[in-house]
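Here is the structure we will look at, set down as structure tokens.
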Amino acid sequence: MKKAIIFDVDGVLVDSEQYYLKRRLDFLRSQGVETKQISSSEIRGASDAQRWELLVPAVKFRTTLKADYSAYTDSHPIQFWNHLVPGVSGGLKWLQSNGIRLAIASAGSLDSIERMLKECGLVDCFEVVVSGADLLQNKPSPVVYQQALDLLSLLAPAMYCI
């Protein structure tokens with residue numbers, strides 16, 4: 001019997017990965033940086049640091065760009081409600097009404113996760129929200145999932161670990 005489901009945000013609750021890739025590539029072009037052609041599937045599940053390494057291999061240049069990119073994202077925010085995967089809201093409410101506890105374990109920042117929950121009207125759906133960005137190890141490390149399980153006071157049966 002399932003007691004809880006832990007969701008990721010990007011690519012699961014909201015179809016945001018293509019938007020994020022386009023925004024990052026637009027920013028890099030605006031800075032005169034040429035990058036190789038890349039698809040959202042190539043960076044799916046990668047941490048922010050891994051995405052930067054893939055797109056901008058030169059460490060010194062990457063550090064400068066990352067600082068400027070933060071301001072760029074503030075002026076080009078994603079409208080989460082426009083990227084909510086169809087059926088998510090109803091599906092989450094159904095799971096809750098059937099006694100399934102819900103959590104989020106995302107590599108994204110807590111601010112971004114909380115903004116998505118507010119914009120999409122999902123704040124009351126999740127009992128636990130964990131940001132890998134706040135942990136010593138972000139995805140693909142399983143630490144973010146273990147933290148969610150700990151906050152739910154649950155153990156992961158070996159057969160369900162991915």
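Taken over segment 66-98, residues that are in a helix (DSSP H, G or I) and modelled with pLDDT of 90 or more amount to 21. On the basis of being over 17 Å from the mean Cα position of the chain (by Cα), among the hydroxyl-bearing types (Ser, Thr, Tyr) and assigned to a helix (DSSP H, G or I), does TYR145 make the cut? For TYR145, the condition - over 17 Å from the mean Cα position of the chain (by Cα), among the hydroxyl-bearing types (Ser, Thr, Tyr) and assigned to a helix (DSSP H, G or I) - is not met.
The set of residues in segment 92-122 being closer than 18 Å to ALA4 by Cβ and in contact with a helix residue (DSSP H, G or I) (Cβ under 8 Å, 6 or more places away or on another chain) consists of LEU92, LYS93, GLN96, LEU102, ALA103, ILE104, ALA105, SER106, LEU117, LEU122.
Only one of the listed residues (SER40, SER131, SER89) is touching a residue at least 12 places away in the same chain (Cβ under 8 Å), of a type in the set (Ser, Thr, Tyr), in contact with a strand residue (DSSP E or B) (Cβ under 8 Å, 6 or more places away or on another chain) and closer than 20 Å to PHE7 by Cβ. That residue is SER131. Select from segment 119-140 the residues that are in a loop (DSSP other than H, G, I, E, B) and surrounded by fewer than 14 Cβ atoms within 10 Å (Cβ to Cβ) and list them in ascending order. Hits for segment 119-140 are GLY121, LEU136, GLN137, PRO140. Can you say whether SER70 is more than 19 Å from SER109 (Cα to Cα) and small (Gly, Ala, Ser), as far as the supplied structure shows? So SER70 does not fit the description; no.
VAL143 fulfils the conditions (1) free of Cβ contacts under 8 Å to residues at least 12 places away in the same chain; (2) surrounded by 15 or more Cβ atoms within 10 Å (Cβ to Cβ); (3) touching a helix residue (DSSP H, G or I) at 6+ places or on another chain (Cβ under 6 Å) except for a single criterion, (3).
For segment 18-63, the tally of residues that are in a helix (DSSP H, G or I) and touching a helix residue (DSSP H, G or I) at 6+ places or on another chain (Cβ under 6 Å) stands at 8. Filtering segment 1-17 to residues that are under 13 Å from VAL85 (Cα atoms), in contact with a Lys or Arg (Cβ under 9 Å, 6 or more places away or on another chain) and part of a strand (DSSP E or B) leaves only ASP10.
The values are calculated or read from the model by the stated rules, or taken from the named source; none is laboratory data. Model, not experiment: these values are computed from the prediction. Don't worry about glycine lacking a Cβ; one is built from the backbone with ideal geometry, like all the others, and counts go over all protein chains shown.
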